[in-house]
Structures are given as structure tokens and as C-alpha cells.
Amino acid sequence: MPTPDPYLPGHGDTRYRVRHYDLHLDYKVTTNRLDEVATLTVVPSQELSRVELDLVGLKASKVLVDGKKARYRQRERKLAVEVGQRQPGEELQIAVTCAGKPRPVPGVHGAAGWEELTDGLAVGSQPYGAPGWFPCNDDAADKATYRIHLVVAPSYHVVANGTLVDHEVRGGTGRWTYEMDRPMSPYLATVQIGQYVVDRRRASVPVEVVHPPQTRVGRGTAFERQAEMVEVFSELFGPYPFAEYRAVVSDDDMEIPLEAQGLSSFGRNFCPPTWENERLVAHELAHQWFGNSVTAEQLADIWLHEGFACYSEWLWSDHRSNGGDGLDVQQQAAKHHEELRRKPQDLVLADPGMPDMFDDRVYKRGALTLHAVRASLGDERFFEMLRTWTTENAGGVVTTDQFVQHCLRFVPEDGFELAGVLDAWLRSPEIPALPVVDVEGSRNTLKSIAERIGARLGLG
Ligand SMILES: [Zn+2]
């Protein structure tokens, strides 16, 4: 079977692409019972007569192809649907009725996906959890639009990806419909359910912090400056790529926060105003540009998500310290460079291997790689490079080679050898010397950004 990503054997299929998912979910929180109808708009990329969807744990009871009953066979991880002889590009609709008690999908990095809370639900599917709650083509490079419709008990607040287009309480149930109209990888689809209230923030796109009423998320918490972060990153990285941003804080503690498209989910333990928490609030937000809008085609290139999100933490640190007692971007780089030098130097950033994909060294070395590009290009060219990276690839998939080619466009004619610098950071395990960025220049960049944002938000 043609597996799109060698890090995820058995997931996804290149013989077809999905254009749109319409997920109708009827969910009982107390018993974790899910009744679902998933309608997929599928486009074959080659001649075929069968479509193999990823589905784990839920039992299919009916499959329609273009409205007519179809034959199908369900194995442990696949649902094979007979679709008749199809030509490439010939669009078809597959509607799967399935049900069960969804569970997170086990794998090398632990179980991922459908996560029951004490009173609610938080779905975080990276990297292989999506098939545990809906039939899909589990390939990050196969991006589609989504409509997610959820029926739950009326006391719950539901968040899914995108814009809330409908909410009503009818017949003793709450009905919520969300639409994500920009291309989304299956692992970034999510549903969050809890007894939540919504704190709306003022920014250039709607920003919400969704939280339990007894949990504080405002002044004196890690979420205090969430809206300002959206503005700072929009200046540095280009326009925020989706219609809104939400941070969902659950009433449980969580080990790590997780990004989804248009939102991130946190445990209540991430609210206290420590730098460790605030940097994660920045990190998850940065994934909206790096990971969600611009997505690595394969997991080997995960540094294109994590290195960039980690560098965003340092940029936020620089912005918030503003000459104060926090660390500026050069001090962050120096601190983590020193830590990396003390760790084993046996990891290749552009292909760390599945078990080391989320190793902290991928994050820190990835961030230092960007710092090295910045040291070479200078602030003006570096941020222009970042902004064109996000806008030219918005909604698409990318590779490390593409990033290298992109960077080289910004080297001046009489310039230096950036290709060699990138090669050392990306492809050999030894840590190159600490790159040094002109901190005064950095301060000027951030100062002019802060002034523009201040004027926009009326911060005075
Ligand atoms: Zn991350």
C-alpha cells in the first residue's frame, strides 16, 4: 500500500485525496458514546475501484457511495470501500455511518487523539490520532476543508475548528456547527467539550480564551497578553492565517498543550503567570503559521513546525523583556546553544527519526537554525523571508529543501555562503558555533512593531 510518510507506516494513502469532510457527531459525554456520520468528498489521484480509509476503534454499520449502498470491509485500522471503476479527478462522495466508544490511538509517542476529561473532551491527534474518531485519509499532506456538527447535552460548551456558524438548544440537546474553510490536515481536526465560558479579547482577528468559570485567565495569568501575542506575531510572520484564534483551557491538568487549526488546548495547570507557561502560550499560537497553515509534507521535516514555534517563544521573550529583566533573543539563543552542546550530538535535524521527532533538541536546534539564518541575512531580510514563507505557502505543504531554496532568495548578490550554514545546522549532527544577532538592531525591529500594534489596539 502506498504510504505517504515513512514515519507513519500504514497511515494515509496517496491513491486518492479528500477535498472536504462533513462530520456529524452525536456524543454522550457521560458514557463516551459516539454516533457518527462522516461524509467525505474524495478525488482519486489514479484509476481505482476501492478507497481505503483510516479508521480505528469505531465500527462502521453502513457506507453510501454517491448516495447508494456500497460494499465495504473493515479491518483493524482500515475501512475499504468498493466505489466502482473511477478515473483520476472524478469526484465521489463516501458517507460512513459508524459508532462506538472512541479511544486515543496508541503509537511510539504514546496514545494520541480522543482524550476524555473529568467532565468533557479534548482531542489532540498529533501525529496519528485522527483515525480514532473519524474515517479519514490520515496524511498531513492531504488537506481538506471541514464542517463539524456536534450534538451534546445542552450544558456543555463545544469548540471545534473554524467559525461557529450555528448554535441552538433544541429537544434537550445543544447543537453546534463549525466550519473550517481553509485547508486542514486530519491530525489538526479537533473537538473540545466542557463546562466553559468565553473571554473575548480585542485584536485584528477575534481572539477568545475559552475556560471553566472558576479558572482565571485574565490579568496576572499566562493568557493575559494573548491578544497582543497575536498582533506581534502577525507583524513578524505576516497576517494571521485563519478567521479566528481560540485558546481552550480545560478543567483538568494536562501534560502538554497542543495545537489544532484555529485553536490550541491547554490544561488549567498552564494558567499561572510563569515564563514556562507563557512561552507555551506563545509556542502554540505560533503553530497557526508554522505547522497548521504551512505544514511539513512529511514528519521528518517536523523542525519546520517545532523549530519555528520555539523561535517564536524567544521572539516573544525579546518583545516582552524590551530591555527589562527577561532574556532577549540573543540570550535565549546562547542559553539553549550551551545546553545543546552538553547533550549528545547524534541527531540530524532534517531527519531525526520517528522516535526522536519530538526530542527537545529538534525544537532548540530548529530555533537556533532560524537564528543562524537571521544572523546571516540581517533583520530586514530575515523577517521578509519569514513573511513570504508563510504567505506564499499558506494552506499548503512544504519540505526542508523548499525552505533552503526560499532562504537563498534573500541572500544579497555580494552575499555570503548561507547554503553552507544551513547545511551544517540541518544535515550534520555536530552543533555549529553560536550565531550572533545584533541585539540593538533587533530592539529597533521590535520597537517599531510595538508602536504599530500600540496604535492599532489603542494601547497608547
Ligand atoms: Zn509545538
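The values are calculated or read from the model by the stated rules, or taken from the named source; none is laboratory data. It should be emphasised that the depicted structure is a prediction, and the values quoted were computed from it without experimental measurement. Neighbour counts run over all protein chains shown; Cβ positions are idealised from the backbone, glycine included.
Observations
- Residues in the range 403-460 that are more than 16 Å from H371 (Cα to Cα) and among the β-branched types (V, I, T): I449, I453.
- Residues within the range 290-316 that are small (G, A, S), in a helix (DSSP H, G or I) and within 14 Å of the ligand (Cβ to nearest atom), tallied: 3
- Failed item in (1) part of a helix (DSSP H, G or I); (2) more than 16 Å from the ligand (Cβ to nearest atom), with G395 passing the rest: (1)
Residues are listed down the side, and each one gets a yes or a no for (1) surrounded by 19 or more Cβ atoms within 10 Å (Cβ to Cβ); (2) farther than 30 Å from R452 by Cα; (3) in contact with a helix residue (DSSP H, G or I) (Cβ under 9 Å, 6 or more places away or on another chain); (4) not polar (S, T, N, Q):
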| site | (1), (2), (3), (4) |
| --- | --- |
| A122 | yes, yes, no, yes |
| F134 | yes, yes, yes, yes |
| I148 | yes, yes, no, yes |
| P206 | no, no, no, yes |
| P213 | no, yes, no, yes |
| V230 | yes, no, yes, yes |
| E235 | yes, no, yes, yes |
| G238 | yes, no, yes, yes |
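- For the residues A111, A95, A141, A99, the requirement of being among the aliphatic types (A, V, I, L, M) and within 15 Å of the chain's Cα centre (by Cα) singles out A141.
- Some residue of the range 1-8 being exposed (fewer than 15 other Cβ atoms within 10 Å of the Cβ), in a loop (DSSP other than H, G, I, E, B) and of a type in the set (A, V, I, L, M, F, W, C): yes
- Of all residues making up the range 104-120, the number that are surrounded by fewer than 21 Cβ atoms within 10 Å (Cβ to Cβ) and either within 17 Å of A38 (Cα to Cα) or in contact (Cβ under 8 Å) with a residue 12 or more places away in the chain (or both): 8
- E235 falls short on exactly one of the conditions (1) away from the ligand (no atom under 15 Å from the Cβ); (2) modelled with pLDDT of 95 or more, and that condition is (2).
- Taking the conditions (1) part of a strand (DSSP E or B); (2) in contact (Cβ under 8 Å) with a residue 40 or more places away in the chain in turn, Q46 satisfies each one other than (1).
- Scanning the range 44-68 for residues being loosely packed, with under 15 Cβ neighbours inside 10 Å and in contact with a Gly (Cβ under 7 Å, 6 or more places away or on another chain) gives a total of 2.
- Filter result (of a type in the set (G, A, S) and surrounded by fewer than 16 Cβ atoms within 10 Å (Cβ to Cβ)) within the range 9-35: G10
- Residues satisfying the stated conditions in the range 185-222, i.e. among the acidic types (D, E) and within 27 Å of E36 (Cβ to Cβ): E208
- Search result, residues across the range 245-275 that are within 14 Å of the ligand (Cβ to nearest atom), outside any strand (DSSP E or B) and over 17 Å from H109 (Cβ atoms): Q261, F270
- Check on S428, over 21 Å from S293 (Cβ atoms), surrounded by 15 or more Cβ atoms within 10 Å (Cβ to Cβ) and either among the small types (G, A, S) or under 29 Å from the mean Cα position of the chain (by Cα) (or both): no
- Taking every residue in the range 87-102 that is over 23 Å from L48 (Cβ atoms) and pairing it with any residue that is hydroxyl-bearing (S, T, Y) and at pLDDT 95 or above, at least 6 positions away or on another chain, the pairs with Cβ-Cβ distances below 7 Å are A99/S61.
- Test: H319 is more than 16 Å from the ligand (Cβ to nearest atom), of a type outside the set (A, V, I, L, M, F, W, C), surrounded by 24 or more Cβ atoms within 10 Å (Cβ to Cβ) and within 25 Å of T369 (Cα to Cα): yes
- Test: residue in the range 297-317 that is at pLDDT 95 or above, in contact with a Ser or Thr (Cβ under 7 Å, 6 or more places away or on another chain) and closer than 25 Å to L121 by Cα: no
- Looking across the range 341-367, the residues that are surrounded by 17 or more Cβ atoms within 10 Å (Cβ to Cβ), under 18 Å from A424 (Cβ atoms) and touching a residue at least 40 places away in the same chain (Cβ under 8 Å) come down to L347, L349, A350, D351, P352, V362, K364, R365, G366, A367.
- Single unsatisfied condition, F382 versus (1) surrounded by 24 or more Cβ atoms within 10 Å (Cβ to Cβ); (2) closer than 17 Å to E235 by Cβ: (1)
- Annotation note: of E76, E91, the sole residue that is charged (D, E, K, R), at pLDDT below 95 and surrounded by fewer than 17 Cβ atoms within 10 Å (Cβ to Cβ) is E76.
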